[in-house]
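Each remark here refers to the structure printed beneath this line.
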Amino acid sequence: MYKQLEMNIRKIFPNLEWKKSKFIAAGWDHDILMLDHKFVARIPKNSDAKKRMQIDFCLLTYLQNKIDTDIPAAILKDDKTKIAIYKVVAGTAIAESRYKKLSASEKDKFAKNIAVFLSQIHKLPVADIRKCQVPIKSIVSQNREVKNNIRFVYSHLTQQEKTALNNFIISRKHLIKEIKQVLIHGDLSSDNVFVDKQSKNNLGIIDF
């Protein structure tokens with residue numbers, strides 16, 4: 001399977017120069033190949049992943065030079081197979097064990113860089129983001145879903161807990177009316193956050 005993926009990529013992107021490849025992961029939606037530690041090939045495995053390729057490619061192209069964080073640079077895509085090639089984000093995923101080994105100053109820099117990243121993507125014009133057909137998540141609908149699901153836990157709660165939960169839902173309903181629409185990452189987990197001591201910014205984010 002791995003060799004077949006390699007052959008397919010060479011055939012689809014004949015002008016992409018690389019010598020060695022490494023099979024990185026087989027996720028539920030993508031297979032990933034690392035090419036010479038310079039490029040990443042994302043191979044979609046289902047129809048939903050194929051639909052998202054165009055969105056991802058468009059968004060990452062738009063975000064280049066608009067945020068300080070190192071993100072995958074969109075390089076090539078094949079509209080038929082929906083395979084896309086991106087520039088590798090340098091560094092190592094910030095697992096909990098790795099984070100604990102950082103010095104106090106390094107942790108402070110990491111926190112500030114995350115804050116800058118979030119601030120920058122939240123300030124981007126929504127009209128520009130919509131051009132990439134980025135899916136819209138309705139927090140109003142999410143709040144309604146939470147309210148509807150409360151009945152499944154009510155029998156396990158004390159009266160005090162029920163009151164607290166009801167007050168939370170009511171307060172949240174009022175608060176979300178004041179929230180404006182912004183771009184979010186959607187999966188800002190330790191697997192998708194990279195730290196690179198060699199780079200100036202020190203922070204990389206993947207898998208929007």
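Nothing in this text is a laboratory measurement; each read-out follows from the coordinates by a stated rule. In this text the structure is predicted, and so the values were computed from the model without any measurement. With ideal geometry, Cβ positions are generated from the backbone for all residues, glycine too; neighbour counts draw on all protein chains shown.
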For the chain, find the longest principal axis of its Cα atoms and tell me its angle to the long axis of helix 139-149, 0 to 90°, nearest 10. 60 degrees
How much length is gained if the chain between Asp78 and Ile32 is pulled fully straight, taking 0.36 nm per residue apart and subtracting their Cα-Cα distance, in nm to one decimal? 15.0 nm
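Mean separation of Cα pairs under 8 Å and 6+ residues apart, divided by the residue count of the range 1-98: what relative contact order is that in percent?
The normalised contact order for the range 1-98 reaches 20 percent.
Distance check, please: which entries in Lys66/Lys87; Lys38/Lys197; Lys38/Lys112 exceed 22 angstrom between their Cα atoms? Don't skip to the answer; put the middle values down first.
Working: Lys66/Lys87 17 Å; Lys38/Lys197 18 Å; Lys38/Lys112 27 Å.
Over 22 Å Cα-Cα: Lys38/Lys112.
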What order, most packed first, do the peptides 168-181, 2-15 have when packing is the mean number of other Cβ atoms within 10 Å of each residue? 2-15, 168-181
Options (i) 16.7, 54; (ii) 20.8, 67; (iii) 16.1, 45 are given for Rg and Dmax of the Cα atoms in Å, and the computed one is (ii)
Distance (nanometres) between label positions extended 7 Å along Cα→Cβ at Ala25 and Ile150: 3.7 nm
So what's the gap between the Cα centers of the range 14-42 and the range 69-93, to the nearest angstrom? 9 Å
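Calculate for the chain the 222 nm mean residue ellipticity that helices alone would give, adding -39,500 (n - 2.57) per DSSP H run of length 4 or more and normalising by residue count, nearest 500 deg cm²/dmol.
On the way: 8 runs with 89 residues, N = 208.
That calculation yields -13000 deg cm²/dmol at 222 nm.
Please give the FRET efficiency for Gln160 paired with Gln64, using the beta carbon to beta carbon distance and R0 = 35 Å, rounded to the nearest 0.05. Provide the component values of the computation, followed by the final result.
On the way: r = 51 Å, r/R0 = 1.46.
For Gln160 and Gln64, the calculated efficiency is 0.10.
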Spelling it out for Phe39: with amide H atoms placed in the peptide plane at 1.01 Å from N, the residues 5 or more places away or on another chain with amide H under 5 Å from its amide H are Val88
What ranking, highest mean first, results for peptides 145-157, 39-51 when packing means the other Cβ atoms within 10 Å averaged over each residue? 39-51, 145-157
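Please give the length that would be gained between Ile170 and Ser97 if that part of the chain were fully extended, namely 0.36 nm times their separation in residues minus their C-alpha to C-alpha distance (nm, one decimal).
22.4 nm
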The answer for Leu157, listing residues at least 5 apart or on another chain whose modeled amide H is closer than 5 Å to its amide H, is none
Segment Glu17-Gln54, extension gain: residue separation times 0.36 nm, minus the distance between their alpha carbons: 11.0 nm
